[in-house]
1. From 30, 41, 86, grab the single residue that is assigned to a helix (DSSP H, G or I) and either at pLDDT 95 or above or surrounded by fewer than 19 Cβ atoms within 10 Å (Cβ to Cβ) (or both).
2. How about the stretch 305-327: which of its residues are at pLDDT 80 or above and surrounded by fewer than 16 Cβ atoms within 10 Å (Cβ to Cβ)?
3. Identify, from the list 188, 219, the residue that is in contact with a strand residue (DSSP E or B) (Cβ under 9 Å, 6 or more places away or on another chain) and in contact (Cβ under 8 Å) with a residue 12 or more places away in the chain.
4. Could you say which residue among 193, 136 is buried (at least 23 other Cβ atoms within 10 Å of the Cβ), at pLDDT 95 or above and more than 21 Å from the chain's Cα centre (by Cα)?
5. Filter the stretch 329-343 for residues that are in contact with a helix residue (DSSP H, G or I) (Cβ under 9 Å, 6 or more places away or on another chain), modelled with pLDDT of 85 or more and under 15 Å from residue 217 (Cβ atoms) and give the result.
6. Can you name every residue in the stretch 130-174 that is over 23 Å from residue 118 (Cα atoms) and assigned to a helix (DSSP H, G or I)?
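The values are calculated or read from the model by the stated rules, or taken from the named source; none is laboratory data. Owing to the predicted nature of the structure, the values given are computational and were not obtained by experimental measurement. Neighbour counts are summed over all protein chains in view; Cβ atoms, including those assigned to glycine, are modelled from backbone coordinates with ideal geometry.
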C-alpha cells in the first residue's frame, strides 16, 4: 500500500498557526519547499529570539545577508532583525553598529530613534547628541528638552576628569541651560562638578537649590547630599534642610530621609509622626508597615529601626516612572523600561 503524501505547507497555513511552537514547525516545513523566502527566514529567526535563543536567531539572520540580489528594503529588514538579536544578547555596541548601517542606507525616524536609545544606554553622549540633532532636523526644529538633557549628561560624563575638563563641562552645561534653563538636571550636574573639583560648599548650595526649586526631583540628590555633608562633618544640617524643603512641598522621599535623620537622633515620636503622614498619604506598603511595627517595639530599639531603614532606604516608597509605571528601588535619571528621562517620582 502506498502511503499518502502529506500536503506541502503553504503561506496561508502559517497565518493559521495557533501557537509559536506550531508556527516554528510549519515555518521549517515551509522553508524546505520555499528556501528563498526571506520573510519566512526572518519570522523563524524572530521566533527563536522570542523563545530565548537569540544566538541561533542571530546566526540565521546573518546567513540572509549572503543571499544574492537583496533589495535595499529587504536588507534593512534583515539588519533590524540582527540588531534586535544583538540587543537581546546584550551586545549593545554591535547593535549600534548595525543601526548605523541601517540609517546610512535608509535614514528613517524609527532607526534614528533606536540608535539614539542605544547611544544613551552606552553613555556615548557625543554620538547621542549628533543623532538627536538629526532627528530635530527631520522635525524642522532646532532644539528641545531632550537635547538639553543630552548636553547636561555630556557635562556629567566629564565629572571624573575635573578640574582638567572644567571649561568643557561648563560649556555643555551652558548649552543645556540656554535651551531649557529650568531643567533640574543642570543643578544636579553642577553640584557634581563642584564636588569633583573640591568645591563642596558650592555643591551643597546647588543641590539645596534643586530641593527647593524642583522638589519633585529630590530623589536625584538626597543620597549625594547626605554623603557629602557626612564627610564634611555637617550631618546635623540635614534636618533643617529637609524641614525647609517640606515647607515648599511634602515630598515623600524627603520625608523618608527625614525619618532616617530623626531615628539617628533617637527622636522616635517625631519619626512616628512623619511615618503616619506617609502612610496616610501613600498607603501602608509592606515596608512602611514593617517600619511602623519596629517603631512600636516597647524596647525602643532605635538601632534596629535605623538599620532597617538604612538597608531599605526610600524603597519603603519605591520610585515609580510616571510614563510607564516601572518601579525601582534606586533613584534613576532615565527609566530602563521606557527610556524616558527624569520621569521617576
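1. Working: 30 fails: either at pLDDT 95 or above or surrounded by fewer than 19 Cβ atoms within 10 Å (Cβ to Cβ) (or both); 41 fails: either at pLDDT 95 or above or surrounded by fewer than 19 Cβ atoms within 10 Å (Cβ to Cβ) (or both).
Checking each option against the conditions leaves just 86.
2. First pass over the stretch 305-327, keeping only residues at pLDDT 80 or above: 319-327.
The answer is 320, 322, 323, 324, 325, 327.
3. Working: 188 fails: in contact with a strand residue (DSSP E or B) (Cβ under 9 Å, 6 or more places away or on another chain).
Only one candidate qualifies: 219.
4. Details: 136 fails: buried (at least 23 other Cβ atoms within 10 Å of the Cβ).
After ruling out the rest, the residue left standing is 193.
5. If the condition is that a residue be in contact with a helix residue (DSSP H, G or I) (Cβ under 9 Å, 6 or more places away or on another chain), modelled with pLDDT of 85 or more and under 15 Å from residue 217 (Cβ atoms), then 332, 333, 334, 341, 342 are the ones that fit.
6. Result: 161, 166, 167, 168, 170, 171, 174.
Conditions tested, residue by residue: (1) within 15 Å of residue 212 (Cβ to Cβ); (2) surrounded by fewer than 19 Cβ atoms within 10 Å (Cβ to Cβ); (3) out of contact with any helix residue (DSSP H, G or I) (no Cβ under 9 Å at 6 or more places or on another chain); (4) modelled with pLDDT under 90.
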site: 239; (1), (2), (3), (4): no, yes, no, no
site: 244; (1), (2), (3), (4): yes, yes, no, no
site: 256; (1), (2), (3), (4): no, no, no, yes
site: 259; (1), (2), (3), (4): no, no, no, yes
site: 263; (1), (2), (3), (4): no, no, no, yes
site: 283; (1), (2), (3), (4): no, yes, yes, yes
site: 289; (1), (2), (3), (4): no, yes, no, yes
